[in-house]
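Engineer: Can you read through this structure? Questions will come right after.
The values are calculated or read from the model by the stated rules, or taken from the named source; none is laboratory data. On a predicted model such as this, the values are computed, not experimentally measured, just so you know. We place every Cβ from the backbone using ideal geometry, glycine too, and count neighbours over all the protein chains shown. Note: areas computed on protein heavy atoms with side chains; ligands, DNA, RNA excluded. Shrake-Rupley method; radii C 1.70, N 1.55, O 1.52, S 1.80 Å.
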Amino acid sequence: MKIAADVDTCQGLGMCEAMAPDFFEVGEDGYVDVLDAAPAEEHRKHVMAAVAACPVSALRLAG
Amino acid sequence: MPHRLVVVGASLAGLRAVEGARSAGYQGEISLVGEELWAPYDRTSLAKAYLTEQNAEMVTLISDRELRDDLGVDLHLGERAQGLDLAARDVVTDRTRIRYDALVIATGATPRQLPGTEGLRGVSTLRTLDDARDVRTAMDAGARVIIIGAGFIGSEVASAAHKRGLSVTLIEAMPTPLSRSVGPAVGEMLTDLHREAGTAVRLGVGVEQVLHANGQVTGVRLADGSVVEADLVVAGLGVTPATGWLGAAVDLHRDGGIVCDASLATSVPGIWAAGDVAHAPQALFDGELMRLEHWTNAAEQGSLAGRNAVSRQEPELLDSVPYFWSDWYGHRVQFVGTPGADEVLLVGPPGPGAIALYRRGNRVVGALTVDRQRVVMKLRRRIADAGDWDEAVTFARELDVLAVTR
Ligand SMILES: Cc1cc2nc3c(=O)[nH]c(=O)nc-3n(C[C@H](O)[C@H](O)[C@H](O)COP(=O)(O)OP(=O)(O)OC[C@H]3O[C@@H](n4cnc5c(N)ncnc54)[C@H](O)[C@@H]3O)c2cc1C
Ligand code: SF4
């Protein structure tokens, strides 16, 4: 499972961080930082919730 | 599992209900009924990029084709639900009857109109794509703009008009805007964002009359007798839940919203509600019944209602912290939690960079930030954990010192 974030699309709303704070954080620049781009399978539920929560679909999950 | 799920209201909460049901493994039929002609789109951008950016398109959340092919939805767009036949378990629309085994109501809310302005050109609310097109067309033509109601949407429209270099006046009947949503002190601080940008703000003065000539608005006369001229008047007077079509079929709150329990079930078995239309108890805030008008609330509730509607198991309960954002003059305002507090404390100086914390007893229950994207979700976590007030204040103070010394 790999997380890809499109920083050009991200609006820094932080929904991903709210859903899965161990994997996403809104950085100093106001855009998302992916803290762990290749999470272990056991975190799938949280990471998927975060990806789905992004209002502007800036996050993608592969694998 | 039910045989057919019907979702009424094809916007954010309705879409998430459909997705929630499918993600729970539901394979039965789903009908989605929506009064607007379009597949679900994002309203939040209507007061932001859609008004300020050249050639901005509406932000669609999904296409008709994806709804039909990927989610297997029987789509009824441009169709209005007119009532429920509880005995037959039918949704009655202006075209047909649709039988349901489970029903999710996600009809959202409708903006209050300015009294006595029906049919006048140059007067608009801002809720739908059609509204936004009207407002944008008038702004393109260089309209002098009046906004009545200095809430979040009115403030975003003021900010958009200002960004386009238009003359803009913001009029608010209350002495302090946003008192109900963020408290008076913070409302006052946010109003300064308008003043600093140079937007004219008139507070504590009501509109006496909307002036017009030949069917086109020309300005407003205020209660103090003064007249402000305008070519475009946008009413940001708040919304009322869109439940008129339901009659007395389900229990309604006195504001017209649908009363739900923590699983979003209404008073009638098999009928659920979600989004701007729904009142639900917030476990985190002593079970207080709240009807929120926030994007994330509509998304989360929609999804939960959709899952619960098709599930045979114990329903899932709501568990989240209210959150909204708003963009003014290039500043990002964010709020988490509830404004219903014993005390509101402004940490550090007001204006951009500000953090306001809301206390109930010895807990932190809310936080408002301006241009603090990095901290707001950390405060949200403290609120979700019913965090200690003193610790939250210390945390915010340290952030503030960091920001100042850097
Ligand atoms: C201009 C604007 C800017 C906003 N900005 C922000 C923001 O920055 N941050 C934030 O958190 N929130 C914001 N919001 C609020 C957010 O958009 C709403 O909370 C969200 O749209 C609610 O979704 P909903 O699906 O519950 O209701 P709605 O989006 O209101 O959708 C309800 C749908 O149901 C349909 N409907 C109603 N009655 C019937 C009927 N009888 N039959 C069939 N269909 C019916 C309506 O036509 C509508 O399409 C903004 C809202 C607006 C209008
Ligand atoms: S939810 Fe989306 S827009 Fe918000 S910070 Fe995360 S990636 Fe960016």
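Engineer: Would you please name the trypsin sites (Lys or Arg not before Pro) within the range B:219-297 that are DSSP coil residues with at most 16 other C-beta atoms within 10 Å of their C-beta?
Structural biologist: Listed in order of number, the matching sites are B:ARG254.
Engineer: Need one number: % antiparallel among DSSP beta bridges in the protein assembly as shown, to the nearest 5. Before the final figure, lay out the partial values.
Structural biologist: Values: 55 of 89 bridges.
Once the DSSP bridges in the protein assembly as shown are tallied, antiparallel ones form about 60 percent.
Engineer: For A:LYS2, which lysines qualify as cross-link partners when the Cα separation must be under 23 Å and same-chain residues fewer than eight apart are set aside?
Structural biologist: A:LYS45
Engineer: Taking a cut-off of 22 Å between Cα atoms, list the lysines near B:LYS163, but don't count ones fewer than 8 places away on the same chain.
Structural biologist: B:LYS163 reaches B:LYS48.
Engineer: Now for a different question. What total accessible surface area, summed over both chains, is buried at the interface between chains B and A, computed with a 1.4 Å probe and given in Å² to the nearest 100?
Structural biologist: 1300 Å²
Engineer: Place +1 on the Cβ of every Lys and Arg and -1 on the Cβ of every Asp and Glu in the range B:330-399, take the dipole about the Cα centre, and give the residue among B:ALA341, B:ALA396, B:THR369 whose Cα lies farthest towards its positive end.
Structural biologist: After comparing all options, I get B:THR369.
Engineer: Next question, about the same structure. Dimensions of the range A:1-62 along principal axes (Cα, Å, largest first)?
Structural biologist: 29, 19, 16
Engineer: Hey, can you find the accessible area per residue of the protein assembly as shown for me, probe 1.4 Å, expressed in square angstrom?
Structural biologist: Per-residue accessible area for the protein assembly as shown comes out at 43 Å².
Engineer: Under the Kirkwood approximation for Rh and a Cα-based Rg, what ratio Rg/Rh is obtained for chain B?
Structural biologist: In chain B, Rg relative to Rh is 0.98.
Engineer: Among B:ILE271, B:ILE62, B:ILE148, which one shows the highest mean-square fluctuation when chain B is modelled as a Gaussian network with alpha-carbon springs under 10 Å?
Structural biologist: Looking only at B:ILE271, B:ILE62, B:ILE148, the largest GNM fluctuation is found for B:ILE62.
Engineer: Name the residues of the range A:30-55 whose accessible area, probed at 1.4 Å, falls by at least 30 Å² once all protein chains are in place instead of their chain on its own?
Structural biologist: With the partner chains in place, the range A:30-55 has these residues losing at least 30 Å²: A:PRO55.
Engineer: Here's something else I'd like to know. When the dipole is taken about the Cα centre of the range B:35-193, and only Lys, Arg (+1) and Asp, Glu (-1) are charged at their Cβ, what size is it in debye, to the nearest 20?
Structural biologist: Computed charge dipole of the range B:35-193: roughly 400 debye.
Engineer: By accessible area of protein heavy atoms, probe 1.4 Å, what ranking do B:GLU293, A:GLU28, A:GLU42 get, highest first? Numbers along the way, then the final one.
Structural biologist: Values: B:GLU293 95, A:GLU28 125, A:GLU42 150 Å².
If we order B:GLU293, A:GLU28, A:GLU42 from most to least accessible, we get A:GLU42, A:GLU28, B:GLU293.
Engineer: State the antiparallel share, in %, of DSSP beta bridges confined to the range B:259-365, rounding to the nearest 5. Each step should come with its number before you reach the end.
Structural biologist: Details: 17 of 18 bridges.
Around 95 percent of the beta bridges assigned by DSSP in the range B:259-365 are antiparallel ones.
Engineer: Separate question: Probe radius 1.4 Å, ligands and nucleic acids left out: which of B:SER63, B:SER263 has the largest accessible area, and how do the rest follow? Before the final figure, lay out the partial values.
Structural biologist: Working: B:SER63 45, B:SER263 5 Å².
Ranked list, largest accessible area first: B:SER63, B:SER263.
Engineer: Let me ask you something else. Determine the dipole magnitude for the range B:113-235: charges of +1 sit on the beta-carbon of Lys and Arg, -1 on that of Asp and Glu, nothing else is charged, the reference point is the Cα centre, and the result goes in debye to the nearest 20.
Structural biologist: 140 debye
Engineer: Can you say what percent of the DSSP beta bridges in chain B, counting only those with both residues inside, are antiparallel? Round to 5.
Structural biologist: Taking every DSSP beta bridge with both residues in chain B, the antiparallel ones total about 60 percent.
Engineer: With +1 assigned to the C-beta of every Lys and Arg and -1 to the C-beta of every Asp and Glu, and no other charges, what is the dipole magnitude of the range A:2-62 about the Cα centre in debye, to the nearest 20?
Structural biologist: Working: 4 positive and 11 negative charges, 73 e Å.
Approximately 360 debye in magnitude.
Engineer: Another question about this same structure. Taking chain B as a Gaussian network, Cα atoms linked when under 10 Å apart, which of B:ASN308, B:ASN55, B:ASN297 shows the biggest mean-square fluctuation?
Structural biologist: So, out of B:ASN308, B:ASN55, B:ASN297, the one fluctuating most is B:ASN55.
Engineer: Using a 1.4 Å probe on the protein heavy atoms, what percent of the accessible area of the protein assembly as shown belongs to carbon and sulfur?
Structural biologist: In the protein assembly as shown, the share of accessible area belonging to carbon and sulfur is 49 percent.
Engineer: For the range B:63-171, which trypsin sites (Lys or Arg not before Pro) pass both filters: DSSP loop (anything but H, G, I, E, B) and at most 12 other C-beta atoms within 10 Å?
Structural biologist: Loop-located and lightly packed - B:ARG95.
Engineer: Then there is this: What are the residues of the range A:8-26 that lose 50 Å² or more of accessible area, with a 1.4 Å probe, going from their chain alone to all protein chains?
Structural biologist: Buried on complex formation: A:LEU13, A:MET15, A:GLU17.
Engineer: Does anyone have the angle between helix A:44-53 and the longest principal axis of chain A? Alpha-carbon axes, 0 to 90°, nearest 10?
Structural biologist: The answer is roughly 30 degrees.
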